[in-house]
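Worksheet: one structure, shown below.
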Amino acid sequence: MPAHAIATPAPVQPDVPVAAYLVKETGSQNVIMAKDIDYQVSPASLTKILTCVMAIESGRMDDIVVIPREATLVEPTKAGLRPGDRVFLRDLVRAAMVNSSNDAAFSIGIYLGGSVESFVASMNARARSLGMNSSYFTNPAGFDTGIYAGNRTTARDLMTLTEYAVRHQEFNTIARLDRAVFRELSTGRVFSLRTHNRMLDLYPYSVGIKTGFTNRAGKCLVARAIRDRKDLLMVMLNARTDRWALASNMFDRGFGLNGSERIAMPAPVSRDSGVIHEPSSRQVALERERALEAIRRKLARQGDADMSASAIRPRSSSSRGRSLAMSSIQGGGDEVKATMKGMRRSTLDRKMSLKSSKVARKSKRLSATRLATKKSAAKRNLATSALKKKKSARSVKRTVVSQKKKSGEMTKTNRQKSRRDEVSLLKPVSELTVRS
């Protein structure tokens, strides 16, 4: 891949299978190695450097963040956060930087911005203020396909961002960690997340910073090494080789160079879209349209066809419609925002409907329980009444018998006994009569 023109003498620029790279001294304009530093490519998880810098600069690192469900629906790599978990913002930054956890990055964005769209707008504004004029971000984690297509930057812009980030001591402390360990505050569940940055083990002078990978971006790396009071930074994008060995070799070259072999930072050059193998704006628009159409079909299958029709406007196949689509994507992804808002409204409606149905079922169960309780109470009252009547009858009978006894009335047994006594008294008289 041909490189952009660089003033003579050229920096050491080995012919390696990497789309773009830049090696320079931190805080200096002296470039050691460079290749295609103004190519716009996908940075993958290197995007999280900006996300974490914004979190550190917010001054809210000790805030407790309640993890939203939306943040847990992203694809791996994930820390394993659950909806409702309570975690310090500082721990989310550590998870995003060390383990490249996408759920942590989205949690940061939603907490600081109120929504993904709002935080992404702040990301792009912050990038412009730092001088990253060739960058455009679509999400806080680094996704670059579907509705997040178009996430892009350059090696020059990433170097600008990293040189700014290392001014923060807390960023430097987090960037060199090989493991992030923290607890969920409600349950005490422990998270122990390993780094993906093998430079910390393989290169003795390495001090971090961030790795990245997607199928579109390839293997990416922003690394820092300090040796003999020399502080070097490296940006490597879309490496199609062993990035760890290549980065170690580049650092060794950088530390071994004499001052005369360094040159000034090349001036920015315009992008030649015919040279880069990144998707064009038209391809990005088509990819987002396909992703949006897939969302429409999914919502329609879930019975939300009305919402889909109202929240996501049909796109015209005319050239004017395509132009509007292009301007929409280049202007900040209004179509994507409208779609995501529509999805959230649909989700909220479904939740409200589900909640209403749950309330109705609960009310029905309570009514049935109350009715059964009333029936049971009525049965108990009837049984109690019958028992009281029986007891009352027995009591009355005992009272009558007692009164009869008191009045001298004889019972059947007493009458039989009286007759036996009478017979026994008459018997001797009869015997005497017969003998005489």
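Just the residues that are of a type in the set (Asp, Glu) and buried (at least 20 other Cβ atoms within 10 Å of the Cβ), please, taken from segment 132-168.
Asp144, Asp157
Could you please find all residues in segment 40-98 being surrounded by fewer than 24 Cβ atoms within 10 Å (Cβ to Cβ) and of a type in the set (S, T, N, Q)?
Once the filter is applied, which keeps residues that are surrounded by fewer than 24 Cβ atoms within 10 Å (Cβ to Cβ) and of a type in the set (S, T, N, Q), segment 40-98 yields Gln40, Ser58, Thr72, Thr77.
For segment 184-238: of the residues being in contact with a helix residue (DSSP H, G or I) (Cβ under 7 Å, 6 or more places away or on another chain) and small (Gly, Ala, Ser), which is farthest from Asp252 (Cα to Cα)?
Ala217
In this structure, is Ile108 in contact (Cβ under 8 Å) with a residue 40 or more places away in the chain, of a type in the set (A, V, I, L, M), surrounded by fewer than 24 Cβ atoms within 10 Å (Cβ to Cβ) and within 28 Å of Glu287 (Cβ to Cβ)?
Taking the combined requirement at face value, the residue does not satisfy it.
Name the single residue that is farthest from Leu130 (Cα to Cα) among those in segment 37-52 being under 20 Å from the mean Cα position of the chain (by Cα) and among the aliphatic types (A, V, I, L, M).
Ala44
If you check Ser273, Ser280, which single one turns out to be among the small types (Gly, Ala, Ser), at pLDDT below 75, at negative phi and more than 34 Å from the chain's Cα centre (by Cα)?
Every option except Ser273 fails the conditions.
I need the full set of residues from segment 182-195 which are in a loop (DSSP other than H, G, I, E, B) and either of a type in the set (Asp, Glu) or surrounded by 16 or more Cβ atoms within 10 Å (Cβ to Cβ) (or both), in order please.
Within segment 182-195, Glu184, Thr195 meet the criteria.
Quick check on my filter: what residues within segment 114-157 are of a type outside the set (S, T, N, Q), part of a loop (DSSP other than H, G, I, E, B) and closer than 19 Å to Lys78 by Cα?
Matches in segment 114-157: Pro140, Ala141, Gly142, Phe143, Asp144.
Tell me which residues, restricted to segment 197-229, are assigned to a loop (DSSP other than H, G, I, E, B) and surrounded by 14 or more Cβ atoms within 10 Å (Cβ to Cβ).
Asn197, Arg198, Tyr203, Tyr205, Arg216, Ala217
The values are calculated or read from the model by the stated rules, or taken from the named source; none is laboratory data. Since this is a predicted model, take the numbers as computed values, not measurements. Reconstructed Cβ throughout: ideal geometry from the backbone, glycine too, with neighbour counts over all protein chains shown.
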